[in-house]
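Please treat every number below as a calculation from the coordinates, not as lab data. Bear in mind the structure is a predicted one, so any value in this text is a computation, not a measurement. Note: ideal-geometry Cβ built from the backbone for every residue, glycine included; neighbour counts use all protein chains shown.
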Amino acid sequence: MQNKNQRVFIIAGEVSGDVLGGRIMREMPNADFVGIGGENMQAAGLKTLFPMADLSVMGFVEVVAHAKTLTRRIKQTVDAIVEQKPDVVVSIDAPGFAKSVIKQIRKNPDGQKLIQNGLSFHHVVAPQVWAWRSGRAKKYAQIFDKLYAFFDFEVPFFTKHGLDTVAVGHPIADVLIGKYKTSKKHSEKIITLVPGSRVGEVKRLMPLMRDVVDRLSRDGYMGYKFVIPVVETTKELVQNEIQRWRVKPILVSAADRYDLYAKTYIAIVASGTVSAELAMLHVPTIVVYKMNPITTWIGRQIIRVKWVSLVNILLNRGVYPEFLGGDATAENVLNAVQQLTIPSKREKMIRDLESADSLWRPDAGGAARLIANGIMNK
């Protein structure tokens with residue numbers, strides 16, 4: 001049973017983790033929370049140590065560029081954990097940051113006392129060791145006490161190293177599958193653009209999306225309406241960027257994104273959680289991504305999977321077209337858009353997406369509740 005005054009130090013490093021963090025917090029009304037999070041966790045009662053955006057960096061080059069800020073934030077977080085004396089530290093994604101924090105706590109004399117008194121470390125979102133760097137599974141077992149994976153097939157990669165691991169299903173599926181009725185008829189043909197939730201992603205993908213919008217507007221597709229859902233970490237940047245666009249998209253709050261997705265005709269999105277959300281809503285989607293050239297080269301040397309979109313990986317076929325790195329061109333995206341205007345192609349993609357529903361949400365209890373129960377019964 002949960003102690004009434006259980007104290008939880010919770011860490012989220014990006015928007016998807018913040019959304020899940022807020023839901024986990026609401027499943028634990030008697031717990032006291034401190035830590036790092038965004039608007040969703042703050043709405044659930046968290047007073048964040050510092051802006052979550054400081055942790056929202058991805059890629060080797062990008063992390064190096066922000067090393068000074070990250071180093072300062074790691075120390076600040078370690079000091080806060082030692083001072084707050086929580087019963088459990090829960091990290092949601094942001095594994096590099098979480099591991100650095102925990103390693104320092106384990107070396108810290110005061111941190112060692114907390115561990116001796118029962119402090120444990122739980123991590124949400126298993127690293128994709130089946131795709132690249134399989135040795136991380138053993139390292140996770142050395143750092144964390146419990147791991148919450150999304151899918152059953154991930155569990156054995158970690159339990160064989162002695163890490164207590166439980167599959168909880170994809171948390172977003174609890175919110176989406178069966179709860180949003182996606183329109184099959186589109187009175188207005190909305191093209192939803194999602195350039196990402198990180199500053200670097202947005203800077204690299206907005207020019208591509210601008211070119212696509214320009215071409216679609218110029219080439220006779222005047223019936224399209226372009227919409228961008230914006231998150232707190234990049235809202236100002238997106239607003240500034242579209243001032244230079246000839247055709248300016250409508251901006252909506254990320255809080256309204258699911259209503260937008262349910263009405264979307266075609267989505268063009270950055271690789272990441274958003275593609276999973278759209279797959280659960282059965283929305284025809286094109287996935288694009290650009291990274292720093294050095295980061296892209298490193299990725300190609302070590303990644304062992306054919307696709308980056310989770311629905312493609314789960315179904316082991318290319319349901320969503322993906323254009324990554326140098327392939328992320330306006331021409332390729334426009335060709336894919338044209339294909340998705342063909343009724344037979346759209347219907348096949350939607351049927352494929354529907355076939356994945358049971359893979360996203362294997363347990364009716366819901367991921368957030370299962371994770372909260374695991375934390376309370378640590």
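The angle separating the long axis of helix 293-302 from the principal Cα axis of greatest extent in the chain is about 70 degrees. The simple Förster model, with R0 at 30 Å and r as the Cβ-Cβ distance, assigns Gln42 and Thr329 a FRET efficiency of 0.15. Among the lysines of the stretch 189-360, pairs that are 8 or more positions apart or on different chains and have alpha carbons within less than 14 Å of each other number 6.
Any lysines with Cα under 16 Å of the Lys138 Cα? List them, leaving off those in the same chain fewer than 8 positions away. Those lysines meeting the cut-off are Lys99, Lys103, Lys146, Lys160. Taking other Cβ atoms within 10 Å as a rough exposure proxy, Trp307, Trp360, Trp130 sort from fewest to most as Trp130, Trp307, Trp360.
Projecting the alpha carbon convex hull of the chain along each direction and taking the average yields 18.0 nm². Against the chain, whose longest principal axis comes from its Cα atoms, helix 95-107 is set at around 10 degrees.
For helix 367-376, report the angle its Cα long axis makes with the longest principal axis of the Cα atoms of the chain; keep it between 0 and 90° and round to the nearest 10°. So the helix axis and the longest Cα principal axis differ by about 10 degrees. For Arg72 and Val155, the difference between the fully extended length at 0.36 nm per residue and the C-alpha to C-alpha distance is 26.5 nm. Only Lys, Arg, Asp and Glu carry charge here, each on its Cβ (+1 for the first two, -1 for the last two); on that basis the stretch 189-360 has a dipole of about 320 debye about its Cα centre.
Here the average projected area of the convex hull drawn through the C-alpha atoms of the stretch 189-360 stands at 9.7 nm².
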